[in-house]
Each structure stands twice: as C-alpha cells, then as structure tokens.
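A short write-up of the structure that comes next.
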Amino acid sequence: MAKLMDLMATKIPEWRYEVKQLLESKGDSILSQVTVRQAYGGMRGVKGLTCDTSAVSPEKGLIIRGRPLLEIAHILPEEVFFLLLTGELPDTEGLADLQAQLNQYGDVPGYVWDVLDHMPRDSHPMAMFNTAILVMEKESIFRQRYDEGIQKQEYWKAILEDGLRLVAKLPAIGAGVYRLRFNKGDRIPADPNLDWGANFAHMLGLPDPDGKLKKLMQLYLMLHCDHEGGNVSAFSSLTVASALSDPYYAVSAGLNGLAGPLHGLANQECLKFVLEIRDHFQGVPSQDDLRQFVWDRLNSGRVIPGYGHAVLRCPDPRYTAFMNFGKENIENDEVFDIVKNLFEVVPPVLKEQGKAKNPWPNVDAASGSLLYHFGLTEFSFYTVLFSISRAMGMVSQMVLNRALGLPITRPKSVTTEWIKNNV
Ligand code: CMX
C-alpha cells in the first residue's frame, strides 16, 4: 500500500469525512473578518481559503504537512512531492514507484519543440516554458475523462494522472528552453539512472565535475515546492483549476503569476542587484559602503530584492537552507560573500526605514548566488527553476481540492460606492 495513488485512495475518504464533520459542526463559525484596508490591500491576512499541503508560519516559515522545512531540507524533490500529496514520506517502494513513473512519463512531445523553435529568440524563458506547458493541454486525461462523463468523486485521480505526467516532463522542458534560448547546442537526453532533480542538472549540460550542481538542483527543487495556498501562483492556479480547467491550463495560469517581479521573478532581480553591487565596487564592498548603497536604492524608490515577505516575519528557512549549502560548498566567491554581507546590512536598514513589515531575507536572496557560482549565469532563466519545483505544490493542491469536492472559487467584490454607502 506504499504506492502514491493507492495511498491517496485510502486517505481521501478519511479527509472527506473529516471535512464533512467540520462543516457540520462548525460550518457557520467565523474564521476571519475583513477590513476596508484588507479589501484594498491584496486581502493580506484574510483567512478565506484552506490548504493542507503546507502552511507558512510568520515566525517559523514553511511547514510542509506538519514538518518544519529545515527538518526535511535534505529529502529529494520526489519525496517532498509524495509528502505534499499524501501527508507521509514515501518508503523505499513508494519512492521507487514514483521515480519510475516520472521516468516513464518524462518524454516531451516533438510538437512542443517545434513551437518553441518558432518563438522569437528574445522571448523570456518563462514565456517559453509556459508556452510549452499550455501547448500540451491536448494531452489532458482529465479533460478527456470529463468529456466522457467521469464522476465527481473520481476527478482527483485524473487530475493526479495529468499532474504526474506534467511534472515528469518539466525538467526536460526547462533544460530544453535553457539550451535553446541561450544557444547551448542540442538538447541532452535524460539519464534514466538519475533522479528527477539530478536529471535536470544533467540535461542542462553544465560542467559538474564533483556532482555539486546536481546536489544544488535537488535542494533547489525541494525548497521551492510549495508555500501554502494564498500566494499569487498557487491562488491563481487553484482558482483556474476550480473552474475544472485541467492541470495544463491551471499550472500555466499559476506560472504566469510566478513570472512577476514581486513574486518568482524576484530571484532574477535579486542576483542582478548583487552583480550591480559587485560591478559598482569592483568586488566586495565594505559594510559601510554596502549600507550606503542600500540606502541610495531605497531613497530612489526601489525595493531591496530578496528582502521582505507578505506573510513571513523571520528569515525564510529556505534562505537558511541555501546559505547552509553555500557555506558548506563555496569558498572565495565575491557574489556569495556580498549575499552574506547583505544579511548583516539590509535588515537594520529596512527596520530603520520602517516601511517593510518584514526586514528579513526571503528565499530569493540566496538562491541566485549559488546558481551563479555553479555556472548557471543566465539569470533570466532562474524563475524557470522555481516553476519546475512549484508545479509540484500547485498540482498537489489541485488534486486535494478536487478530492475534497471544493466548488468553483468565487469571492464577492464590492464597489467603492458600496463601501462608502454601507461601511
Ligand atoms: N525593500 C524596500 N521596501 C520594501 C521591501 C523591500 N524589500 N519590502 C517591502 N517594502 C515596502 C513595500 O514596498 C511597501 O511600501 P509602500 O507602502 O510604499 O508600497 C511597504 O514596505 C509595506 O510592504 P509590506 O507589507 O512589508 O510587504 P508586501 O506584503 O506589500 O510585499 C513583497 C511583499 C515580497 C512583495 C515585498 O516585501 C517586496 O517587494 N520585496 C522585494 C521583492 C522580493 O524579494 N520578492 C520575493 C518574494 C518571495 C516570493 O513571493 O516568493
């Protein structure tokens, strides 16, 4: 009973029963109130949706199925995918079975490459990656079964089947986009002996003599997997999925949000910022110079990339996990040293400025410097890495939402006139 689909089939009736009981006993209890400020302020802090795959604690950061991130940062991305979906880590058989499925479904249809080949050469890698996902929509098993009249109780299985097939292909698509967009030569076939994350590193085709890039990719793809349900990408994809649009549409929708500079694209912005510092000072600046540089940027009305967060009020544990990796694996690197120094300088400056509610680093403050060190220097590609990983969280959440039979998402909006007259 250790296989993913079997385990989910035993758990889902329990989860459905639990939610049914909750709705019967507490269905009319109040979770949250909404102020006018929240209605105009991105609904920040409004508790209006559920997500069981992970939770973000302002003080502790990401907790995946009850496990604080730093306790499980060593596991493989496939293991975290299994955990997100089932609430349990896979045993040996469960992991091997999931890896076999990801290998089996990993081939990308030829028409995807035809489409990408015809995109303008200066397209953003995220636009290419997401086009590849959308163009595969015709493969959807959910859409086919829906057209045949599948029962609502069974939706989750078809969504999971689509999700597994889609997630399986993302490393090859991501690596293919990288090689095409940055003129790296032919695509490199997958190695069936490698796991999902290591295979991605292999298909990128960068030198990796001691296997550290493979390890970094396993870590990267694990750390970015999920961040509860209300962030732009998760919420967008879940909203689209709630209309019973299939996972190709829904993951694509979420990734369009991840492509924004305040969300996933921040990792590209962040490395750009660190390189700007290095070039400006022709090396690692003193703490005083760095502090002044940060103030100048703030005073010119720009944000400090990699710092602040809508929910977190502590250093992001994903940042800590990346920094731990860097401290163990990187020596004498100007870019990484600047990232380390920013941690000393930025939080006190943001506190003094008094605007950002969270002066601490988020995941994006560290990741780019590690990728850069190991030869992945094309930073417009970084959000694609984030996307490959985050697709696991989006798929897990949409499988659970269909398993629980959640309806179409439709919050109520009000007009400014209505607020003036009624509040
Ligand atoms: N640098 C400068 N100012 C910042 C700041 C930062 N890093 N973080 C927040 N602020 C400012 C906001 O711009 C806002 O200013 P205004 O009132 O003038 O608009 C004010 O502080 C209050 O913002 P907040 O409530 O603390 O933050 P939000 O929830 O509105 O926004 C985030 C959160 C992440 C968009 C914001 O902190 C930011 O822009 N950070 C830099 C970009 C970044 O690192 N994004 C990655 C986020 C990680 C992810 O989504 O995956």
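The values are calculated or read from the model by the stated rules, or taken from the named source; none is laboratory data. Since the structure is predicted, the reported quantities are computational estimates derived from the model, not experimental observations. Glycine also receives a Cβ, built like all others from the backbone with ideal geometry; neighbour counts cover every protein chain displayed. Surface areas here come from the heavy atoms of the whole protein model, side chains and all, with no ligands, DNA or RNA. Shrake-Rupley method; radii C 1.70, N 1.55, O 1.52, S 1.80 Å.
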Note: E331 to D210 extended length (0.36 nm per residue) minus current alpha-carbon separation gives 42.1 nm
Of the listed links K60/K351; K11/K157; K272/K351; K215/K327; K47/K357, those spanning more than 21 angstrom between alpha carbons are K272/K351
Dividing the mean separation of Cα pairs under 8 Å (6+ apart) by the residue count of region 266-373 yields a relative contact order in percent of 42 percent
To the nearest Å², the heavy-atom accessible area per residue of the chain with 1.4 Å probe amounts to 46 Å²
The extension gain from A243 to K20, computed as 0.36 nm times the residue separation minus the Cα-Cα distance, is 78.1 nm
For 291-301, 368-378, ranked highest to lowest by mean beta-carbon neighbours within 10 Å, the order is 368-378, 291-301
Computed on Cα atoms, Rg of region 92-136 relative to 2.2 N^0.38 Å comes out at 1.55
For 268-278, 404-414, 104-114, ranked highest to lowest by mean beta-carbon neighbours within 10 Å, the order is 268-278, 104-114, 404-414
Taking only protein heavy atoms and a 1.4 Å probe, the highest-to-lowest accessible-area order of Y220, Y146 is Y146, Y220
For region 182-190, Karplus-derived ³J(HN,Hα) couplings (6.51, -1.76, 1.60; θ = phi - 60°; whole Hz; x for glycine and proline) come out as 10, 6, 9, x, 4, 5, 9, x, 5
PRE zone check, label point 7 Å out along Cα-to-Cβ of H280, amide N under 13 Å, scope region 307-322, hits none
Carbon/sulfur accessible area of the chain, % of total, 1.4 Å probe, equals 51 percent
Semi-axes in Å, largest first, for region 311-408 (Cα gyration tensor, √(5λ)) are 30, 21, 11
Beyond 26 Å, the calculated P(r) of region 16-130 holds a percent of Cα-Cα pairs equal to 54 percent
Expressed in square angstrom to the nearest 10, the accessible area of K184 with a 1.4 Å probe stands at 70 Å²
With all protein chains present and a 1.4 Å probe, the order of V399, V115 from largest accessible area down is V115, V399
For region 83-212, the Cα convex hull volume per residue in Å³ comes to 138 Å³
Computed over the chain, the relative contact order (Cα-Cα under 8 Å, seq sep at least six) in percent reads 23 percent
When all Cα-Cα pair distances of region 266-373 are considered, the percent exceeding 16 Å is 54 percent
Over the chain, the sum of -39500 (n - 2.57) across DSSP H runs of at least four, divided by residue number and rounded to 500 deg cm²/dmol, gives at 222 nm -19000 deg cm²/dmol
Per-residue accessible area, 1.4 Å probe, largest first, puts E154, E352 in the order E352, E154
Largest-first semi-axes in Å of the equivalent ellipsoid built from the Cα gyration tensor of the chain are 33, 29, 20
Scalar couplings 3J(HN,Hα) for region 132-143 by Karplus 6.51 cos²θ - 1.76 cosθ + 1.60 (θ = phi - 60°), nearest whole Hz, x for Gly and Pro, are 4, 5, 5, 5, 8, 3, 5, 7, 4, 6, 4, 4
With every protein chain in place, the accessible area of K157 for a 1.4 Å probe, in Å² rounded to the nearest 10, comes to 70 Å²
Once both label points are put 7 Å beyond Cα along the C-beta direction, the Q292-T416 separation in nm becomes 4.3 nm
For I64, the accessible surface traced by a 1.4 Å probe with all protein chains present amounts, in square angstrom to the nearest 10, to 0 Å²
